[in-house]
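The values are calculated or read from the model by the stated rules, or taken from the named source; none is laboratory data. Quick caveat, the model's predicted, so the values are computed rather than measured. Positions of Cβ are generated from backbone atoms using ideal geometry, with glycine treated the same way; all protein chains shown enter the neighbour counts. To get the accessible areas, we keep the full protein, side chains included, count just its heavy atoms, and leave off ligands, DNA and RNA. Shrake-Rupley method; radii C 1.70, N 1.55, O 1.52, S 1.80 Å.
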Amino acid sequence: MALLQISEPGESPVPHQRKLAVGIDLGTTHSLVASVRSSVPEVLLDEEGRALLPSIVRYAPDAIQVGHDARAHQAADSLNTIASVKRFMGRSLNEARSEGVAYEFADGEDMVRLKTRRGDFSPVEVSSQILRTLRERAEATLGGELVGAVITVPAYFDDAQRQATRDAGRLAGLTVLRLLNEPTAAAIAYGLDHGAEGIYAVYDLGGGTFDISILRLTKGVFEVVSTGGDTQLGGDDFDRCIVDEICRSQHLADLPKGDLRALYVAARAAREALSTVAEAVFEAELSNQAVRVLLSRQDFESWAQPLVNKTLERAKVTLRDAGLDVADVKGVVMVGGATRMPIIQREVGRLFNTTPLTDLDPDQVVALGAALQANLLVGNRSAGEDWLLLDVTPLSLGLETMGGLVERVIPRNSTIPVARAQEFTTFKDGQTAMGIHVVQGERDLVADCRSLARFELRGIPPMVAGAARIRVTFQVDADGLLNVSAREESTGVEAGVTVKPSYGLSDDEVARMLTEGMTHASADAQARALREQQVELQQLLESVRAAVAADGDLLSDNERANIDQIMLDTEQMLLALSGEGQGQSAAPLDADAVRQQVARFSQATDDFAARRMDRSIRAALSGRTVDEIADN
């Protein structure tokens with residue numbers, strides 16, 4: 001009898017049976033790939049011993065160059081050499097142009113496309129070239145085909161940006177096991193390496209994005225308590241500070257895009273130098289002149305201070321979301337190459353009253369954490385290795401209800417994966433379909449939130465208003481991707497949608513959703529109360545209309561005239577509330593005024609409702625004996 005070589009539950013197979021999996025940090029400026037080897041996560045190097053792969057793709061006339069080769073041509077062939085493509089993932093043409101970068105853009109069906117000599121390419125296609133290079137590096141180093149990869153994304157990436165990243169992985173020939181938030185990956189690497197426990201903040205400032213996450217580490221459980229950030233704030237923006245000041249001081253204006261790219265390349269080199277020296281030379285060769293300026297760290301930090309303050313404000317809000325004070329934070333893990341700037345380390349240390357933790361390479365810590373997660377997901381668990389990851393969704397998810405109100409189904413900072421369901425009902429008699437509008441944001445009115453998707457549930461049996469039971473289920477998976485489904489309970493008819501919005505959230509939208517959610521809380525509550533009363537009044541009007549049409553003979557002439565007048569007044573009030581009324585009083589309508597109209601309506605129709613009930617009972621009992629009634 002043949003024997004199978006297997007491992008005990010919870011233990012990894014022998015080395016030659018281990019499944020090859022990697023963690024990939026797809027960064028704005030640099031990207032890395034890491035894997036767990038001999039139970040230790042390590043970054044995989046290229047043939048020349050380099051860990052970092054510049055996230056740059058050049059579309060040369062006869063080839064596609066990625067990484068160091070592409071970067072060598074960045075200034076000379078700027079329009080065909082794409083850097084910082086991560087900032088365009090899942091974004092529209094207008095959003096890409098607002099970045100102010102020197103590329104030629106074309107509008108795409110789902111997201112912006114970048115023009116090159118070899119054609120127009122989406123950010124997904126450009127990113128896939130970077131991921132393919134990392135995959136090939138990993139397979140050459142590990143000596144086999146990869147089973148899968150965990151790719152990290154900023155915690156504040158929305159559904160469109162996450163979907164774009166997953167698509168780029170698939171296009172690169174990778175099986176994407178999980179999309180993992182970058183700060184969470186860093187916390188995994190730091191926590192497992194140091195055996196850390198307690199409340200930790202992860203301050204992640206990369207080339208193009210900023211994230212701040214608060215985590216609770218407890219005996220192998222990594223629980224994300226709250227998260228915040230900005231998907232359009234990173235080292236590139238600090239470079240822009242330098243470029244703006246150089247253009248102002250050197251009187252440079254209306255530069256061709258090639259010259260502008262050359263300035264950005266020089267700015268990045270100067271910024272990185274200023275992290276270690278007090279002065280650095282800014283040098284750029286433009287098409288008609290050479291620019292050479294001596295920059296001091298003091299000047300740079302004065303230009304950069306507003307951006308630093310922006311990250312600190314986000315950190316404060318994220319702490320408040322977690323219900324914590326600075327004193328509760330045991331340590332701050334620094335992630336991302338941009339955190340090497342002295343001003344960042346100084347200001348973050350000042351905010352949290354502690355020296356930031358930098359003993360793990362901030363460029364590598366995210367990839368190392370992703371490798372640990374990938375190793376776990378493919379089943380390479382070592383004996384005694386037992387840890388759990390609990391991440392969160394960064395913004396609230398809900399749907400539109402009558403009156404343009406938002407009903408939140410999954411609040412922000414809910415632990416994922418998560419599934420929540422709520423029951424809704426129809427608004428009108430005989431309604432056989434329902435439009436479902438999925439939204440994202442922190443405000444009470446749909447108009448103030450981000451629309452994610454719409455779909456329709458059809459086949460609802462015709463019933464009186466409020467009788468149907470529609471169960472709507474929201475499911476957010478471990479990647480932070482959303483599915484919404486609706487089911488009519490009596491018939492079982494279903495409809496659903498995988499939310500794939502066309503474009504990502506802009507930084508202004510993210511900031512607005514969170515800050516306005518707090519600053520406008522009182523006004524939102526008043527607006528919500530008004531809308532709720534408006535919906536109730538509309539329902540009452542339609543019910544009374546139907547009742548008068550069916551049983552108007554039960555009313556005296558005076559009663560009918562009174563009810564008709566109230567219905568007319570109600571119609572006028574509803575028109576005024578919708579902004580369509582003409583010649584209305586200048587006095588604004590509030591929830592109390594509408595509530596009074598509801599009470600007036602109800603009082604005028606109470607007797608009528610009682611008579612209708614009597615008629616219905618008499619009709620039901622007509623022709624039946626006492627014994628028949630008693631038997632029932």
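Putting +1 on Lys and Arg Cβ atoms and -1 on Asp and Glu Cβ atoms, find which of S275, N309, M334 reaches farthest to the positive end of the dipole of segment 199-335.
Of the listed residues, the answer is M334.
Rounding to the nearest 20 debye, state how big the charge dipole of the chain is about its Cα centre with +1 on each Lys and Arg Cβ and -1 on each Asp and Glu Cβ.
Details: 64 positive and 92 negative charges, 184 e Å.
Here the size comes out at about 880 debye.
Considering only Cα-Cα distances, which of the following residue pairs are longer than 22 Å: K219/K310; K19/K219; K219/K330?
Values: K219/K310 33 Å; K19/K219 26 Å; K219/K330 15 Å.
Result: K219/K310; K19/K219 exceed 22 Å.
Just from its helices, what would the mean residue ellipticity at 222 nm be for the chain, if runs of 4 or more DSSP H residues each count -39500 (n - 2.57) and the sum is divided by every residue, rounded to the nearest 500 deg cm²/dmol?
Working: 15 runs with 238 residues, N = 632.
-12500 deg cm²/dmol, from helical runs alone.
If you put +1 on each Lys and Arg Cβ and -1 on each Asp and Glu Cβ, how big is the dipole of segment 261-349 around its Cα centre, in Debye rounded to 20? Don't skip to the answer; put the middle values down first.
Numbers: 12 positive and 11 negative charges, 30 e Å.
For this selection, approximately 140 debye.
Can you quote the Å³ per residue value for the convex hull of the Cα atoms in the chain, rounded to an integer?
Numbers: hull volume 152.9 nm³, N = 632.
In the chain, the Cα hull volume divided by residue count equals 242 Å³.
Any idea which of F474, A495, N375 is furthest toward the positive side of the dipole for the chain, if Lys and Arg beta-carbons carry +1 and Asp and Glu beta-carbons -1?
It is N375.
Out of G169, A140, T218, whose Cα points farthest toward the positive end of the dipole of the chain (charges: +1 Lys, Arg; -1 Asp, Glu; placed on Cβ)?
Ranked along the dipole, the leading option is A140.
Enter the Cα centre distance for the pair segment 396-472 and segment 266-331, rounded to the nearest angstrom.
43 Å
Two decimals, Cα atoms only, Kirkwood Rh: what is Rg/Rh over segment 330-455?
Radius of gyration over Kirkwood radius for segment 330-455 works out to 1.16.
Which helices, counted as full DSSP H runs in the chain, have an axial Cα extent of no less than 27 Å and a Kyte-Doolittle average of -1.0 or above? Numbers along the way, then the final one.
Working: long enough: 123-142 (28 Å, -0.21); 297-321 (34 Å, -0.97); 521-551 (44 Å, -0.20); 557-577 (30 Å, -0.24); 591-621 (42 Å, -0.49).
The answer, listed by residue number, is 123-142, 297-321, 521-551, 557-577, 591-621.
May I ask you to list the lysines whose Cα is less than 20 Å away from that of K115, ignoring any residue fewer than eight positions away on the same chain?
The reachable lysines, counting only those whose Cα sits under 20 Å from K115, are K86, K257.
Taking all protein chains as present, what is the carbon and sulfur share of the accessible area of the chain, in % to the nearest whole number, probe 1.4 Å? Display every interim value, and only then the final one.
On the way: 13400 of 28220 Å².
Ligands and nucleic acids excluded, carbon and sulfur reach 47 percent.
Leaving out ligands and nucleic acids, note down the accessible area per residue over the chain with a 1.4 angstrom probe, in whole Å². Don't skip to the end; give the middle numbers.
Details: 28220 Å² over 632 residues.
Computed with neighbouring chains in place, this is 45 Å² per residue.
Taking 8 Å as the Cα distance limit and 6 or more residues as the minimum spacing, I'd like the relative contact order of the chain as a percentage.
Values: 1219 pairs, mean separation 82.6, N = 632.
For the chain, the relative contact order is 13 percent.
Hey, what did segment 316-372 get for relative contact order, percent, Cα under 8 Å, at least 6 apart?
Working: 40 pairs, mean separation 21.6, N = 57.
Rounded, it is 38 percent for segment 316-372.
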